[in-house]
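This report concerns only the one structure given below.
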Amino acid sequence: MAGFVTPVCGRIRIGGRDVTHLPPHRRGIGMVVQQYALFPHLRVEDNVAFGLRAQKAPRAEIPGRVAEALEMTGMGGYAKRYPRELSGGQQQRVAIARALAIRPGVLLLDEPLSALDAQLRSGMLAELARLHRELPDVSLLYVTHDQVEALTLADRIAVMDKARLQDCGTPQELYRTPRTAFTASFVGSANLLPVTVDGSGDAVFEGRALAVAPVPGRAVAAGAQATLCVRPHLLALGEGGPNTLRGRLTEVQWRGATHRLRVEVSGHLLTADLPELREPPALGEEIALHFAPGDAVLLAAGVAGTAGSGATSGSSGTAESSEPADPAALAGASEAAGVSRG
Amino acid sequence: MLVPSRAGRWVLWTVFALLFLPLFALPLLVVVAASFAGHWSGAFPSDPTTAHYAAAVHGESLQALVTSLVTAVVASLLALALGTWTAIAAAGLGKRAKRSLDALLMLPVAVPSVVVGLAVLVAFSRPPLLLNGTSSIVILAHTLLVTAFAHQSVAAALARLDPAYEQAAASLGARPSYVLWRVKLPLLLPSLTAAAGLCFALSMGELSATMMLYPPDWVPLPVRIFTATDRGSLFSGSALAVVLMAATLLVLLAVSRLRTRGSYR
Amino acid sequence: MPRAGAALPRPGWRVPRPVWALPPVAVLGLILLHPLGLVVQQSLSPERGGGAFGGYAEVLGSAAFRDALGTTVWLAAGATVGCLVLGFFLALVIAFVPFPGAKAVAKFVDVFLSFPSFLVTLALLFVYGTVGMANGLWTGVTGAAEGPFHFLATPWGVLLAEITYFTPFVMRPLLAAFSQMETAQLEAASSLGAGPGRIVRQVILPEARPALAAGGSLVLVMCLNEFGIVLFTGAKGVTTLPTLIYGKAILEADYPAACVVAVVNIAISVGLFGLYRVVSKRAGA
């Protein structure tokens, strides 16, 4: 995207302009990388002014735009400091201010929060969300392994796995109706069950028919193999409706506000996140779980996770489970940026 | 701990001291002592005097010191410019071209300095480039001899430089030349000063090529030290040697001061 | 995401990157390759008859040359061995049997490298010269008219000076290599009951071998090229290839003969230096 590697095929267009063969300095992309890469020999204000000076912006304009960019990221008071005198989070803000100062059409953020600790990360996430709201003209292209970052910030998410585009859509679409098993387990956690589709559109799992509300425009042919995806927090304890699964309780984790239960159903391990239970069932007990037809989605011809596949673990876990490739959720904030493959 | 026993360690340390002190510390001490001596015909120097230093900072000796300083400064700056240029240019070359360039630059290190002196003498004693008998020929030879070291240290620093800086600068709209001047060279500054210090020290002590080339009106300090000792004035030679060492050390110290102030991490 | 800074073919008027290497190469060609080429050419000039290689036949056949070659090679080889043994021991103590001030000693070694070589010879004149410290002490204690140390004007004096001056060049890469070694490895070995000798032979020496090889070959080349030390001993009996070149060119003004010796010296040194580069590349130095 930024122009440091030439694509093997396809074109890169920014706002309709083909930049495939433009050198990085002529693309008009602001870039923020993992390690900030603030110039250590320049003060904060000179770091922010760097792009303006490099592009020969009118001299009189520079101080105002520097102050504006620093103000926007809440770093107005640190203009005279050197990068080494700032904390990691502050450096990150300066890096963002530096990228914003040139008023780029696209702001490229490459895992900007991965070098920060958890607390700072959630603070910066809120900052970025605010910036995103305040700068409707700037498209943010945000690369991350973290589903929360992607879901919080993005208008559209593109899921990449092993350098291939897996899925693309709004966060709601990807979360509620993922297209592939990879997306389902990467964006949020998911229980994935191998099923066969019968004539009435129900999913047949180990001989039991389960009702699933169809997704418009995504019909699955009768008799086809498919994967049933149910989010752990959408499973409820006890009998209820047509979709009831019975199994043996193998694990109970109390997580404060919730209980996480692992239930073995016909050789498949299901995870259920339930509101805190007064009296959780005993290990080894036979229990029932149910879900509403509208809360499940059928994934066509995917490879379903079998028992213990780890498909239901958190996003960081799934990211690692698909090594060695570099899976990443890409969040694009507007239509201006796009990668088309030729 | 490699040697667990106390006695064993003491034995090793004693052997170390017996080897290290006479071999490395003694020579420097002796030269310093001799520079203050009026007489030395026994175990220890006698007749302490500062007359050698008085002579060392006057007349021809002072001239030699200035000659050496000028030669070393000019040669190291030239070498720094040339070595930095080649290091940056080499970074943009393919593997084989880079290796040939490296080999070319390392040639003066491999070739004996005397031969470099001879070659320069042979080449520049005839028109159109008649430099023989001028100070330029000495400076030229010194530049040639120290460029390799400047190139090597700058190339090493360049390889360690995080490419993220260059990429961030380019993404902000900086052209490659702007990136070079405003980002790369400032970030390389500590290594550049270190390289300059190294070149300066080498040039200050250069004797082999200089002996082949120096004209009568451009006598650097090492040559002066040699002529002094050659005619038997060992004490004034020592004083000159101490002046040489002190000048070299002072400049190295100043350079390393500059370096710590200029380092950013 | 792009992480590699691969070069891309860019359109426009920008100068292609390899072109930037041309000006310095041109400069080096003029002031380095051209002169060296002239040296080779002069060495082949049949000034005194006998064809292109007449000069070679005459010089290579002379006793002075064979003498200088022999002296140069054995001095360089001897000094290299001496530097390796001494440097290995000293570096070993500094790194693994540290004492208060060991760091300062390592610093001192670095400073030592920035001084010219002839200072060592100058100092040795005061220590082992005919009226120097050692002989002075001897005559003072024994009452003899003359001390026993007369080796300074012989090749042994040069050897001592070269070992003194070049040992730090071996110590530096060794200290760097030792500082990267894990002490845990040594502790494990010694907890398994290995004595110090065994640890040095089986743990430290294999790790230090690349640094020893690199430092040793560097010292070998530098000894072959050394001029100042030999010049300062003032010994007429010790002639090495560099001093022979100096003598032929400056004292006798016999440039063709000097060039012949120079070509031989270049061949030996550049060959060995190439070897050094290969060895040090492999050592990762």
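The values are calculated or read from the model by the stated rules, or taken from the named source; none is laboratory data. Predicted model only: the values in this text are computed from it and were never measured. Note that we place each Cβ from the backbone using ideal geometry, even for glycine, and neighbour counts take in every protein chain shown. We work out accessible area using only protein heavy atoms, side chains counted, and drop any ligands, DNA or RNA first. Shrake-Rupley method; radii C 1.70, N 1.55, O 1.52, S 1.80 Å.
Output the number of residues of segment C:161-212 satisfying the condition of being out of contact with any Leu (no Cβ under 9 Å at 6 or more places or on another chain), over 26 Å from B:Leu18 (Cα atoms) and touching a residue at least 12 places away in the same chain (Cβ under 8 Å).
Counting residues in segment C:161-212 that are out of contact with any Leu (no Cβ under 9 Å at 6 or more places or on another chain), over 26 Å from B:Leu18 (Cα atoms) and touching a residue at least 12 places away in the same chain (Cβ under 8 Å) gives 6.
Looking at segment A:271-283 only, could you name the residues that are surrounded by 10 or more Cβ atoms within 10 Å (Cβ to Cβ) and more than 22 Å from A:Leu193 (Cβ to Cβ)?
A:Pro275, A:Glu276, A:Leu277, A:Pro280, A:Leu283
Given the residues C:Ala144, C:Ala104, which is the only one that is surrounded by fewer than 18 Cβ atoms within 10 Å (Cβ to Cβ), more than 30 Å from B:Gly197 (Cβ to Cβ) and more than 11 Å from chain B (Cβ to nearest Cβ)?
Of the residues listed, the single one that is surrounded by fewer than 18 Cβ atoms within 10 Å (Cβ to Cβ), more than 30 Å from B:Gly197 (Cβ to Cβ) and more than 11 Å from chain B (Cβ to nearest Cβ) is C:Ala144.
Within segment A:65-76, which residues are open to solvent by 20 Å² or more (accessible area, probe 1.4 Å), modelled with pLDDT of 90 or more and not charged (D, E, K, R)?
The one that is open to solvent by 20 Å² or more (accessible area, probe 1.4 Å), modelled with pLDDT of 90 or more and not charged (D, E, K, R): A:Ala67.
Within segment A:19-32, is even one residue assigned to a loop (DSSP other than H, G, I, E, B), open to solvent by 70 Å² or more (accessible area, probe 1.4 Å) and either touching a Phe, Trp or Tyr at 6+ places or on another chain (Cβ under 8 Å) or touching a residue at least 24 places away in the same chain (Cβ under 8 Å) (or both)?
No; the residues of segment A:19-32 include none that is assigned to a loop (DSSP other than H, G, I, E, B), open to solvent by 70 Å² or more (accessible area, probe 1.4 Å) and either touching a Phe, Trp or Tyr at 6+ places or on another chain (Cβ under 8 Å) or touching a residue at least 24 places away in the same chain (Cβ under 8 Å) (or both).
Give me a count of the residues in segment A:178-197 that are surrounded by fewer than 21 Cβ atoms within 10 Å (Cβ to Cβ) and modelled with pLDDT of 85 or more.
Total meeting the criteria: 2.
Tell me which helices (runs of 4 or more DSSP H) are completely within segment A:69-159 and hold 2 or more residues being closer than 23 Å to A:Lys56 by Cα, or say none if there are none.
Because the criterion is at least 2 residues that are closer than 23 Å to A:Lys56 by Cα, the helices (runs of 4 or more DSSP H) in segment A:69-159 that meet it are A:88-101.
Which of the residues spanning segment A:241-268 are open to solvent by 20 Å² or more (accessible area, probe 1.4 Å), under 25 Å from A:Val212 (Cβ atoms) and in a loop (DSSP other than H, G, I, E, B)?
A:Gly241, A:Pro242, A:Ser266, A:Gly267 - these are the residues of segment A:241-268 that are open to solvent by 20 Å² or more (accessible area, probe 1.4 Å), under 25 Å from A:Val212 (Cβ atoms) and in a loop (DSSP other than H, G, I, E, B).
In segment A:212-235, what residues are small (Gly, Ala, Ser) and closer than 22 Å to A:Gly267 by Cβ?
Correct list: A:Ala224, A:Ala226.
What do you reckon, is A:Ala118 at negative phi, open to solvent by 40 Å² or more (accessible area, probe 1.4 Å) and not assigned by TED's automatic domain parsing to the domain that holds A:Ala213?
Yes.
Tally the residues that are free of Cβ contacts under 8 Å to residues at least 60 places away in the same chain and either buried (at least 18 other Cβ atoms within 10 Å of the Cβ) or under 17 Å from A:Thr177 (Cβ atoms) (or both), restricting the search to segment A:215-235.
5
If I filter segment A:33-54 down to residues being within 14 Å of chain B (Cβ to nearest Cβ) and among the charged types (D, E, K, R), which single residue comes out as least open to solvent (accessible area, probe 1.4 Å)?
Filtering segment A:33-54 for residues that are within 14 Å of chain B (Cβ to nearest Cβ) and among the charged types (D, E, K, R), the one least open to solvent (accessible area, probe 1.4 Å) comes out as A:Asp46.
Output the residues belonging to segment C:1-60 that are within 31 Å of the chain's Cα centre (by Cα), within 11 Å of chain B (Cβ to nearest Cβ) and modelled with pLDDT under 80.
Within segment C:1-60, no residue meets the criteria.
Only one residue in C:Ala123, C:Ala161, C:Ala188, C:Ala176 is over 22 Å from C:Cys83 (Cβ atoms) and either of a type in the set (A, V, I, L, M, F, W, C) or in contact with a strand residue (DSSP E or B) (Cβ under 7 Å, 6 or more places away or on another chain) (or both), so which one is that?
C:Ala188
Show me the helices (runs of 4 or more DSSP H) entirely contained within segment B:1-85 in which 1 or more residues are among the β-branched types (Val, Ile, Thr) and open to solvent by 30 Å² or more (accessible area, probe 1.4 Å).
B:6-20, B:26-35
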